[in-house]
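This report concerns only the one structure given below.
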Amino acid sequence: MNKPIFNEANFVPVPRVPEWQIYQPEKLPHSWRLMAQCTDSTFLEEPVDWLFYFDGAILVIYRHKDRMNRFNGEPI
């Protein structure tokens, strides 16, 4: 089987996905549905919480870290 020859005539660009908005954790869209929540304590000093949302088309994975900063005592 011969490789296709690349040239301007047979070039088809890949459609770009629009950039995602940046959301504040306390103001997530109401259309997002929480599908699962888990805590990963493998290989880490502190466990990390993961939230899995589904917006109807895309799975959104969110790293959830509601803990205190050990250096300054403020919430992370």
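List of remarks:
- Listed by first and then second residue, the pairs linking a residue in the range 64-76 that is among the aliphatic types (A, V, I, L, M) and open to solvent by less than 100 Å² (accessible area, probe 1.4 Å) to a residue that is part of a loop (DSSP other than H, G, I, E, B) and at pLDDT 70 or above, with Cβ atoms under 8 Å apart and 6 or more places separating them unless they lie on different chains, are ILE76/ASN69.
- The condition of being in contact (Cβ under 8 Å) with a residue 24 or more places away in the chain, out of contact with any Asp or Glu (no Cβ under 8 Å at 6 or more places or on another chain) and open to solvent by 70 Å² or more (accessible area, probe 1.4 Å) does not hold for MET1.
- A Cβ distance below 6 Å, combined with a sequence gap of six or more or placement on separate chains, defines the contacts here; from the range 15-33, residues that are exposed (fewer than 10 other Cβ atoms within 10 Å of the Cβ) reach residues that are assigned to a loop (DSSP other than H, G, I, E, B) in the pairs SER31/ASP55.
- Condition met for PHE6 (open to solvent by 80 Å² or more (accessible area, probe 1.4 Å) and farther than 27 Å from PRO75 by Cα): yes
The values are calculated or read from the model by the stated rules, or taken from the named source; none is laboratory data. Bear in mind that the values here come from a model prediction, so they are computed numbers and not experimental data. Note that we place each Cβ from the backbone using ideal geometry, even for glycine, and neighbour counts take in every protein chain shown. With ligands, DNA and RNA removed, areas are computed over all heavy atoms of the protein, side chains included. Shrake-Rupley method; radii C 1.70, N 1.55, O 1.52, S 1.80 Å.
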